[in-house]
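Enquirer: Dropping the structure in here first, questions after.
Coordinate-derived values only; no laboratory data. For clarity, every value in this text was computed on a predicted model and none was experimentally measured. Cβ atoms come from the backbone with ideal geometry, glycine included; neighbour counts cover every protein chain shown.
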Amino acid sequence: MSNFDQNFEAARLASLAKQHSDIVKVTGEVVFRAEDDEDRLSGTSWTLEEDIFDQVTESGFKLHLLELLDDFIAHRGRCNELPKKEGIVRFGGGDLSIEWLPDGSTHLSDHSGEEQ
């Protein structure tokens, strides 16, 4: 029996969106991937509609999101919840959402994840 909480990810993303409302107003997405042999974040690829990457980094948003993604991946691993290795976080208009994708479906699948 899985102890996976369906609201775990949405609640934490909503909290992060509230904390960084100025950033999540901008349209963007973060493609992410976990290690093949471990439930840990291994790489990300960022796309932002506006040139705010310095702000994303300096505000702490990038670090907070990376930590959350690592937590989500580990949580899914502990609960045997699939998919758990790849996905996309989208933001814009003040909201953050996550879409989990089947293993091997992102462009990061062919890389060892050097873009954090």
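Enquirer: What are the pairs with Cβ atoms under 8 angstrom where one residue, in the stretch 85-104, is under 21 Å from Asp39 (Cα atoms) and the other, located anywhere, is of a type in the set (Phe, Trp, Tyr) and surrounded by 22 or more Cβ atoms within 10 Å (Cβ to Cβ)? Sequence gap at least six, or different chains.
Expert: Glu86/Phe32; Gly87/Phe32; Ile88/Phe32; Val89/Phe32; Ser97/Phe91; Ile98/Phe72
Enquirer: Can you find a residue that is without any contact (Cβ under 8 Å) to a residue 40 or more places away in the chain and among the hydrophobic types (A, V, I, L, M, F, W, C) anywhere in the stretch 31-45?
Expert: no
Enquirer: Please pick out the residue among Val56, Val30 that is out of contact with any Gly (no Cβ under 6 Å at 6 or more places or on another chain) and closer than 21 Å to Phe8 by Cα.
Expert: Details: Val56 fails: closer than 21 Å to Phe8 by Cα.
Checking each option against the conditions leaves just Val30.
Enquirer: Just to be sure, is Thr44 polar (S, T, N, Q) and under 16 Å from Trp100 (Cα atoms)?
Expert: Details: polar (S, T, N, Q): yes; under 16 Å from Trp100 (Cα atoms): yes.
Spelling it out, Thr44 is indeed polar (S, T, N, Q) and under 16 Å from Trp100 (Cα atoms).
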